[in-house]
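Q: Handing you this structure, nothing more for now.
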Amino acid sequence: MKLATLKDGSRDGQLVVVSRDLASAHYATGIASRMQQVLDDWGFMSPQLQDLYDGLNAGRARHAFPFDPVQCMAPLPRAYQWADGSAYINHVELVRKARNAEVPDSFYIDPLMYQGGSDDFIGPCDPVVVASEAFGIDFEAEIAVITGDVRMGATPAQALDGIRLVMLANDVSLRNLIPAELAKGFGFFQSKPATAFSPVAVTLDELGDAWQGGRVHLTLQSTWNGRKVGMCDAGDEMTFHFGQLVAHIAKTRNVRAGSIVGSGTVSNKGFEPKGGRMEWPKGYSCIAEKRCIETIQDGQPSTEFMKYGDTIRIEMKGKDGQTIFGAIDQEVVAPGTGK
């Protein structure tokens, strides 16, 4: 099934069930009014929502209405936890290579992860509000999962069983603030503003055979200012699958229902044609990676970060060519000019 949260003036919005084609929706009020309620009592509420979803797709829902992504908050508007990994080691390799640094061996066996702010997510069509262009505004196209309860010490296989929903994320980064923060040795904070998520979050069965081994084997598309810059394969090159990421959190503590775990920037390896220089035909899922590629190829970056008025669209389509999660479709704006 597909679930979304509509704006209603409250902090947590109104839960709706959305049809498979994203054309219509139905309030879930008789079952649950908020997404967190469902996550807290998944075994009891999810079958009821599934029945409503089946009726909606069959045209039997009496009070269905047109679904409008613009009216969406994040599927889970605020969460108990937002932990973002760096599951695509190629991204780390590019960043390190661009500054002539080696990737430590531990990075290949132990996931990188940071704890982001989870009190102020933004909707898929909400503007990205940044105080200054000088901060180095960047998008990051990612996949994220929402968990149920996962006990401390869970294995990756057990952690996979705790995943309830999948969605897309734009984990905005302020690149020019990152070096000073990392130099303090305590990780990201001000350099990671509010994250946006796709209009809908979907259960694993909606992905069909594209969900294998804790990975989504589909293409993640990134379109910057109307130009498609990334067509990255989200499956085969994901070094750490979502079960491993969730288990990483659960190593020393319980993971509670309503935790969101991100994949990090979806990234694919380049190749070197015979007699030529390295190429990255699948593009990139963040500008920083493009700048790393340029540094590797030309000795310095040439692509600038985002400016006010820039747009970013992040989307994933199924093997039938239809959008699965709807699109994250945002504009970068200055404070006081947001919609």
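Q: On average, how much accessible surface per residue is there in region 33-142, in Å², for a 1.4 Å probe, leaving out ligands, DNA and RNA?
A: Ligands and nucleic acids excluded, the result is 48 Å² per residue.
Q: With θ set to phi - 60° and the Karplus curve 6.51 cos²θ - 1.76 cosθ + 1.60, what are the ³J(HN,Hα) couplings of region 157-162 in order, to the nearest whole Hz, using x for Gly and Pro?
A: 5, 5, 5, 4, 5, x
Q: How large is the accessible surface of residue 282 in square angstrom, using a 1.4 angstrom probe and rounding to the nearest 10?
A: Using a 1.4 Å probe on the heavy atoms, I get roughly 90 Å².
Q: Here's a follow-up. Looking at region 130-206, which chymotrypsin sites (Phe, Trp or Tyr not before Pro) are DSSP coil and have at most 11 other C-beta atoms within 10 Å of their C-beta? Mind dumping the intermediate values first?
A: On the way: sites: 135, 139, 186, 188, 189, 197; in loops: 139, 186, 188, 189.
Filter output for region 130-206: 186.
Q: Mind grabbing the accessible area of residue 41 for me, 1.4 Å probe, Å², rounded to tens?
A: Accessible area of residue 41: about 70 Å².
Q: Give a residue-ordered list of calculated ³J(HN,Hα) values for region 286-302 (Karplus: 6.51 cos²θ - 1.76 cosθ + 1.60, θ = phi - 60°; whole Hz; x for Gly, Pro).
A: With the stated coefficients, region 286-302 comes to 7, 5, 4, 5, 4, 5, 5, 4, 5, 5, 5, 7, 10, x, 7, x, 10 Hz.
Q: Continuing with this model, one more query. How big is the charge dipole of the chain about its Cα centre, in debye rounded to the nearest 20, if each Lys and Arg gets +1 on its Cβ and each Asp and Glu gets -1 on its Cβ?
A: Details: 33 positive and 41 negative charges, 27 e Å.
That gives the chain a dipole magnitude of about 120 debye.
Q: Continuing with this model, one more query. Leaving ligands and nucleic acids out of the surface, order 152, 278, 231 by accessible area at 1.4 Å, largest first.
A: Numbers: 152 100, 278 55, 231 80 Å².
Per-residue accessible area, sorted high to low, gives 152, 231, 278.
Q: Dipole magnitude of region 135-271 about its Cα centre, charges +1 at Lys/Arg Cβ and -1 at Asp/Glu Cβ only, in debye to the nearest 20? Intermediate values should be presented prior to the final figure.
A: On the way: 12 positive and 13 negative charges, 92 e Å.
That gives region 135-271 a dipole magnitude of about 440 debye.
Q: Now a separate question. Can you tell me the accessible area per residue over region 262-339, all protein chains present, probe 1.4 angstrom, in square angstrom? Walk me through the numbers before you get to the answer.
A: Numbers: 3800 Å² over 78 residues.
Computed with neighbouring chains in place, this is 49 Å² per residue.
Q: For region 170-230, what is the relative contact order in percent, using Cα pairs closer than 8 Å and at least 6 residues apart in sequence? Can you show the working numbers first?
A: On the way: 45 pairs, mean separation 14.0, N = 61.
Here the relative contact order equals 23 percent.
Q: Continuing with the same structure: Work out the charge dipole of the chain with +1 on the Cβ of Lys and Arg and -1 on the Cβ of Asp and Glu about the Cα centre, then indicate which of 201, 155, 223 is farthest towards its positive end.
A: Of the options given, the answer is 223.
Q: Between residue 149 and residue 322, what is the spin-label point distance in nm, taking each point 7 Å from the Cα along the Cα→C-beta axis?
A: 3.6
Q: Quick one: which of 228/290; 228/274; 2/319; 282/317 span more than 20 angstrom between C-alpha atoms?
A: Check vs 20 Å cut-off fails for 228/274.
Q: Ignoring ligands and nucleic acids, what accessible area does residue 308 show with a 1.4 Å probe (Å², nearest 10)?
A: 80
Q: Working with all protein chains in place, sort 325, 271 by solvent-accessible area computed with a 1.4 Å probe, largest first.
A: Working: 325 0, 271 95 Å².
I get 271, 325, largest accessible area first.
Q: Taking the Cα centre of region 29-168 as origin, work out the dipole magnitude from +1 charges on Lys and Arg Cβ and -1 charges on Asp and Glu Cβ, in debye rounded to 20.
A: Roughly 300 debye for region 29-168.
Q: Also, quick follow-up: Classify region 202-326: rounded, prolate or oblate, from the alpha-carbon gyration tensor (a ≥ b ≥ c, eigenvalue square roots; a/c under 1.5 rounded; otherwise prolate if a/b is larger than b/c)?
A: Values: a/c = 1.68, a/b = 1.56, b/c = 1.08.
The shape class here is prolate.
Q: How much of the accessible area of region 180-339, in percent, comes from carbon and sulfur atoms when a 1.4 Å probe is used? Display every interim value, and only then the final one.
A: Values: 3550 of 7280 Å².
Answer for region 180-339: carbon and sulfur cover 49 percent of the accessible area.
Q: Give me the one-decimal nm value for the distance between modelled label points at residue 114 and residue 40, 7 Å along each residue's Cα-to-Cβ direction.
A: Simple spin-label model gives 3.1 nm for this pair.
The values are calculated or read from the model by the stated rules, or taken from the named source; none is laboratory data. Bear in mind that the values here come from a model prediction, so they are computed numbers and not experimental data. Heads up, the Cβs are rebuilt from the backbone with ideal geometry, glycines too, and the neighbour counts pull from every protein chain shown. The accessibility values were calculated without ligands, DNA or RNA, using every heavy atom of the protein model including side chains. Shrake-Rupley method; radii C 1.70, N 1.55, O 1.52, S 1.80 Å.
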